[in-house]
Amino acid sequence: ASSSSDQGMAIGVGATTKNQQNALAIGVNSEASGNNSMAIGHSSNVSGQYAAAIGYNSEATQQNATALGSNAKANAQNATAIGYESTASTAYAIVLGNNTAASNWNGSKIGIGTSNPTAKLHVNGSLRIVDGNQGANKVLTSDANGNASWKDLNGGSGNSGNVYADLYNGESQKISNSGDAYTLIFDKTTLSKNIQQKDNGIQVKKSGIFKANATVSVNIDDHHARYEVYEFYFAKQGQKIVGSAVYMTFPKYTKVGEKHTVALNKLMKLEENEQVAIYVRKIAEAKHGNKDKNNISLVNEACSFNIEKIDEIN
């Protein structure tokens with residue numbers, strides 16, 4: 001053993017203290033060269049001042065660094081490495097265990113409330129995480145980098161938030177007999193979350209799988225309507241959604257003032273900010289009467305359009 005520091009102490013074959021004050025080295029080939037540093041264990045080495053390395057081949061190289069365990073390394077200021085082959089290389093970091101997978105024989109496993117941990121972190125008992133967003137019935141969620149925080153899934157935060165809307169028509173609307181397709185107008189909202197009305201449709205603020213339903217009730221304004229066929233369908237971003245169309249025809253002896261109803265139902269995938277609307281068009285030329293005349297119209301406050309997010313996009 002050799003001690004060349006002021007008030008230093010070296011104990012063990014090949015143990016040395018160097019240069020600085022109050023250094024302590026205990027163990028074969030241990031070395032303490034930092035001011036007020038401490039190296040304990042075979043081949044332990046500490047060079048940072050106020051640093052400590054305890055365990056076989058442990059190392060603490062920066063100020064206030066602490067390495068505890070065989071082959072533990074603390075190589076940044078105020079960093080602490082605890083456990084076999086643990087490494088703390090970021091200032092002020094506290095590292096528990098090594099980077100080896102827990103499934104390997106030499107992988108670290110941290111147990112709280114258990115003497116036989118089987119995972120990187122094994123907690124036997126309740127867990128409390130306080131990030132300022134905690135609250136009753138909230139769920140711990142992760143971002144793309146694995147950072148977790150408490151979220152209220154019913155509060156519209158993140159893509160998992162509820163998305164829904166329920167609309168109806170506040171006034172009647174004439175249905176053109178020209179054959180052109182155009183949107184039905186639903187100008188009143190009873191319920192909504194994470195949507196906005198845009199271009200006579202519903203624009204969703206969160207992506208997902210949605211269930212859309214609509215009920216369209218029309219009034220017969222002219223008896224020539226009995227010769228016509230009307231198509232109603234859902235459209236996403238103005239494009240017809242395949243499989244969503246329904247058709248309305250009328251009995252031979254249809255009378256003015258009668259009311260008829262069709263229903264639309266469809267599951268669809270919508271990305272954030274995509275819009276869905278209901279379109280209508282007459283798909284057959286008028287056989288009688290004036291083709292430019294409006295033969296049917298929406299019944300006021302009798303048409304509804306609702307949409308609800310039911311799942312995430314996988």
Kindly establish whether Gln63 is over 24 Å from Ser108 (Cα atoms), surrounded by fewer than 20 Cβ atoms within 10 Å (Cβ to Cβ) and under 52 Å from the mean Cα position of the chain (by Cα).
-> yes
In region 177-193, what residues are modelled with pLDDT under 90 and surrounded by 19 or more Cβ atoms within 10 Å (Cβ to Cβ)?
-> Asn177
Among the residues of region 224-234, is any closer than 17 Å to Leu264 by Cβ, surrounded by fewer than 15 Cβ atoms within 10 Å (Cβ to Cβ), modelled with pLDDT under 95 and of a type in the set (A, V, I, L, M)?
-> yes
Filtering region 235-260 down to residues that are over 21 Å from Ala212 (Cβ atoms) and of a type in the set (Val, Ile, Thr), which residue is surrounded by the most Cβ atoms within 10 Å (Cβ to Cβ)?
-> Thr254
Region 209-220, residues that are surrounded by 22 or more Cβ atoms within 10 Å (Cβ to Cβ) and over 16 Å from Ala277 (Cβ atoms) = Val218
The strands (runs of 3 or more DSSP E) lying wholly within region 26-112 that contain at least 2 residues that are touching a Ser or Thr at 6+ places or on another chain (Cβ under 8 Å) and in the same structural domain as Thr16 (by TED's automatic domain parsing) are 38-40, 52-54, 66-68, 80-82, 94-96
Among the numbered conditions (1) within 30 Å of Lys120 (Cα to Cα); (2) of a type outside the set (Phe, Trp, Tyr); (3) surrounded by fewer than 24 Cβ atoms within 10 Å (Cβ to Cβ); (4) touching a Phe, Trp or Tyr at 6+ places or on another chain (Cβ under 8 Å), tell me where Ala72 comes up short.
-> (3)
So which residues in region 240-254 are modelled with pLDDT of 95 or more and of a type in the set (S, T, N, Q)?
-> Ser244
If we keep just the residues of region 245-266 that are without any contact (Cβ under 8 Å) to a residue 24 or more places away in the chain and not in a strand (DSSP E or B), which is farthest from Leu184 (Cα to Cα)?
-> Thr249
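The values are calculated or read from the model by the stated rules, or taken from the named source; none is laboratory data. Note that the structure is predicted; figures quoted are calculated from it, not measured. Every residue, glycine among them, receives a Cβ derived from its backbone with ideal geometry; neighbour counts consider all protein chains shown.
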